[in-house]
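Each value in this text was obtained by applying a stated rule to the coordinates, not by laboratory testing. Just so you know, these numbers come straight off a predicted model, no measurement behind them. Neighbour counts are summed over all protein chains in view; Cβ atoms, including those assigned to glycine, are modelled from backbone coordinates with ideal geometry.
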Amino acid sequence: MKPSPDEQLVFLSKLQRLFAEGDFTATYKFALLIALADLAIEIGDDSGRPLQLGHRVIASKFIEMYWQQSVPYSTGRTGTAQDVLVQNSGTQAAIITAIVRFRQQNPAATVQSAKLLPSYLALILTVGQTVSAQPINYLQNLGGITDQFLYERTRGAIVLKPGVAFCLRRFQPLVQQLARSHWVGHIKRNRLNSPILGQADDLESFMFATSRHALTIIGAGLKKLTNSHCFYCRSTVQDADVDHFVPFSMYPRDLMHNFVLAHPSCNRSKSDTLAALPHLERWLAFITLHDDSLNEIGEAAGRLSDGESCRSVAGWGYANAMSSGGQAWLKSNAYQPVNQNYLDCLE
Ligand SMILES: [Zn+2]
């Protein structure tokens, strides 16, 4: 059932056509592609089987993404206005409007705390309706013709076709990169945003990155939890970095269990590589032992906290590394090939 190399190439070229020829009046289609790739990693597998995704699950991903972008953006420069970025070429996108209204009416500082409120259900339903009526309906329209190469629709859900979850998992970094850069481009080209933007150049970090404030909270929480020890070399650390255990370049999404404390030098040395087996084993033990504390820190920092998803992400990252002959970082200038032992301990 796994798609052949040729079928994977066809998938990629269709994806490229989608970005080149698709009609993007709102930014929803970028969000939908990112959501599908994330869900393929978090709940899909490499069997090549179809994967059913409910509108509500997808809506929840949309809220996570647009939550961060529903606050006013300011370049901090004179001559630019501070306002919420417009995500549609006509008027503001309905999903942004719904989230802004929800945030005005509910005392939720973070999307994590919002999920605990009874009124969140109404927001999910509203967003789910829009997602169903718009991006799900139009994503597969290429040059006026519908090509259902990604999914088919059923009641309240979509079903990813055989091989699609497999391809989304394999090419997730590419899907993310394409969707994010086109998304940022869409915001910049929208003339409704020119009074806000001027010549702004930090748009991508505003739209997608973890805030400095959240990182400070996470760093302080991890220091307390580990008694200020570097996760990798295990000696004490004062001015610690917060490192993504599965590199951000591989999986640009902030899950609380993926954060570890590290010396800036250890962090730099590891860079964009996966960590070697002894680190992986220690990390698995760490997130199991400290699950509750990590959830608490994540809640305080407004980051998503889901140990199970995070473990799936690691399983996906190491499996991809093994199939492409990747190396894992042990310590400064020391690497090991990723082999079956890595996957066994992630079972
Ligand atoms: Zn260190």
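The trypsin sites (Lys or Arg not before Pro) of the stretch 163-269 that DSSP puts in a loop, and whose beta carbon has at most 14 other beta carbons within 10 Å, are Arg234.
If you average over every viewing direction, what projected area does the convex hull of the Cα atoms of the stretch 212-346 give, in nm²? Working shown, then result.
On the way: hull surface 29.0 nm².
In nm², the orientation-averaged hull projection of the stretch 212-346 is 7.2.
State to the nearest 20 debye the size of the charge dipole of the stretch 5-208 about its Cα centre, where the only charges are +1 on K and R beta carbons and -1 on D and E beta carbons. Before the final figure, lay out each step's value.
Working: 19 positive and 15 negative charges, 84 e Å.
For this selection, approximately 400 debye.
Please state the shape class of the stretch 54-181: rounded when a/c is under 1.5, otherwise prolate if a/b exceeds b/c and oblate if not, all from the C-alpha gyration tensor. Prolate, since a/c reaches 1.5 and a/b exceeds b/c. Loop-located chymotrypsin sites (Phe, Trp or Tyr not before Pro) across the stretch 160-212 with a Cβ neighbour count of 15 or fewer within 10 Å are lacking, with loop assigned by DSSP.
Reducing the stretch 201-217 and the stretch 133-161 to their Cα centroids gives an inter-centroid distance of 32 Å. Run the helix sum for the chain: -39,500 (n - 2.57) per DSSP H stretch of 4+ residues, divided by residue count, reported at 222 nm to the nearest 500 deg cm²/dmol. It lands at -16000 deg cm²/dmol.
Shown for the stretch 5-208: lysine pairs separated by 8 or more places, or found on different chains, whose C-alpha atoms are under 17 Å apart, numbering 5.
Between Leu178, Leu197, Phe286, the Cα set farthest toward the positive side of the dipole of the stretch 176-291 (charges on each charged residue's Cβ, about the Cα centre) is that of Leu197. In the chain, the inverse of the mean reciprocal separation of distinct Cα atoms equals 21.4 Å; this is its Kirkwood hydrodynamic radius. Across the stretch 240-257, rounded Karplus estimates of 3J(HN,Hα) from the backbone phi angles (6.51 cos²θ - 1.76 cosθ + 1.60, θ = phi - 60°) give 8, 8, 9, 9, 7, 4, 7, x, 4, 5, 8, 9, x, 8, 9, 9, 4, 5 Hz, Gly and Pro being marked x. Think of the chain as having a plus end and a minus end, set by charges on the Cβ of Lys, Arg, Asp and Glu; of Ala165, Ile96, Ile217, Ile96 sits farthest toward the positive end of this dipole.
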